[in-house]
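For reference, the structure is listed below as structure tokens.
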Amino acid sequence: MKFRAKIVDTACLNHFTRVSNMIAKLAKTCTLRISPDKLNFVLSDKVANGGVSMWCELEQENFFSEFQMEGVSAENNEIYLELTSENLSRALKTAQNARALKVKLTNKHFPCITVSIELLSVSSSSRVVTHDIPVKVIPRKLWKDLQEPTVPDADVSIYLPVLKTMKSVVEKMKNISNHLIIEANLNGELNLKIETELVCVTTHFKDLGNPPLASENASQDRNSEQMAEVHIDIRKLLQFLAGQQVNPTKATCNIVKNKIVHFDLLHEDVSLQYFIPALS
């Protein structure tokens, strides 16, 4: 198994750092999946996380000027590594205004992702800061649990409002209840609701629009006014929203009634899928 990669473009480096920060807010530990053309950050923490799962995908050629990898074998040309997300984002914090960033799979008595950051100093000579991030190599037999989640057919798909606005609404609601109802219809309407014995609070978003293809499939047997709803843990939604530092290029919410809510975000050339299951 071998892996080494290099970023020299400042914009790519900053973008990669932002992605790493987002992942650290979404998942304490995650799996880094390395394949010849993609990097994925994966969370499939079925039991401990209440079923929340995440699939973040980067096309390596959009970030790295050099990228070499050899997987477990020729037919299984992939590497799966478990790491603490914050360790990676902390290492990349020192990479602002760096001349270059190198990432390499190494063995320092234990497997590591070694991040070497070439910084410019005042005398125009460069100095290198190195971080060794411990990782756990995931054996081949466990890979099947770390594949891209299958997206069930949604009852309703809808574009999301500005995530910052949504976050401030959900933060206020969290002070009243731990549970939240998210509901939407094919008329571009999305509601966030909390209900307790004493109070019922609803925030309405209108004219959000529905993705064309998904809406056509769903609308064949669905009244466009009819709401599809799902009850979820408000803290899981807030964790997802807190991880979004930059408003995405595209953000969609897919609701499978009483089962799951699936968020699908596109940040320039990074895609993020996040799944929150319904409360039983």
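Where a number appears in this text, it was derived from the coordinates with a stated rule and is not lab data. Since the structure is predicted, the reported quantities are computational estimates derived from the model, not experimental observations. FYI the Cβ positions are ideal-geometry reconstructions off the backbone, even for glycines, and counts take in every protein chain you see.
Rounded to whole Å and ordered largest first, report the semi-axes of the equivalent ellipsoid of the range 1-70 derived from its Cα gyration tensor (root of 5λ). All intermediate terms of the calculation are to be shown ahead of the outcome.
On the way: eigenvalues 118, 44, 14 Å².
Result for the range 1-70: semi-axes of 24, 15, 8 Å.
Determine Rg/Rh for the chain; Rg is computed over alpha-carbon atoms and Rh is the Kirkwood hydrodynamic estimate from the same atoms.
Numbers: Rg = 20.7 Å, Rh = 20.3 Å.
Across the chain, the Cα-based Rg/Rh ratio is 1.02.
Relative contact order for the chain using alpha-carbon pairs under 8 Å, separation at least 6, rounded to a whole percent? Walk me through the intermediate numbers first.
Details: 602 pairs, mean separation 52.2, N = 280.
After rounding, I find 19 percent.
If only Cα atoms are counted, what is the Rg of the range 1-154, and what is its Dmax, in Å?
Taking only Cα atoms of the range 1-154, I get Rg and Dmax of 15.9, 59 Å.
Do the sum for the chain: with -39,500 (n - 2.57) for every DSSP H run of n ≥ 4, divided by all residues, what is the mean residue ellipticity at 222 nm, to the nearest 500 deg cm²/dmol? Walk me through the numbers before you get to the answer.
Values: 5 runs with 55 residues, N = 280.
Helices in the chain give a 222 nm mean residue ellipticity of -6000 deg cm²/dmol.
To check my understanding: the extent here is largest minus smallest coordinate of the Cα atoms along each principal axis. What are those three numbers for the range 54-96, in Å, largest first?
36, 24, 18
Placing +1 on the Cβ of each Lys and Arg and -1 on the Cβ of each Asp and Glu in the chain, which of Pro248, Leu142, Leu266 has its Cα farthest towards the positive end of the resulting dipole?
The one lying farthest along the dipole's positive direction is Leu142.
Compute the long axis of helix 163-174 from its Cα atoms, compare it with the longest principal axis of the Cα atoms of the chain, and write down the angle in degrees, 0 to 90, nearest 10.
Between helix and principal axis, roughly 70 degrees.
Where does the range 64-122 land on Rg(C-alpha)/(2.2 N^0.38 Å)?
This ratio for the range 64-122 stands at 1.33.
Using only Cα atoms, locate the centre of the range 121-161 and the centre of the range 228-280, then give the distance between them in Å, rounded to an integer.
17
Classify the range 156-277 from the C-alpha gyration tensor, please: rounded if a/c falls under 1.5, else prolate or oblate depending on whether a/b exceeds b/c.
oblate
Take the alpha carbon gyration tensor of the range 219-272, find the square roots of its eigenvalues, order them as a ≥ b ≥ c, and report rounded if a/c is under 1.5; if not, report prolate when a/b exceeds b/c, else oblate. The partial results should precede the final answer.
Details: a/c = 2.98, a/b = 1.48, b/c = 2.01.
Oblate shape, in that a/c is at least 1.5 and b/c is the bigger or equal ratio.
Just to confirm the filter: which GluC sites (Glu not before Pro) across the range 71-120 are DSSP coil and have at most 13 other Cβ within 10 angstrom of their Cβ? Can you show the working numbers first?
Working: sites: Glu75, Glu78, Glu82, Glu86, Glu118; in loops: Glu75, Glu78.
Within the range 71-120, the qualifying GluC sites (Glu not before Pro) (loop, at most 13 other Cβ atoms within 10 Å) are Glu75.
Within a Cβ distance under 13 Å of Lys250, other residues only, what is the Lys/Arg minus Asp/Glu net charge? Don't skip to the answer; put the middle values down first.
On the way: positive: none; negative: Asp264, Glu268, Asp269.
It works out to a net charge of -3.
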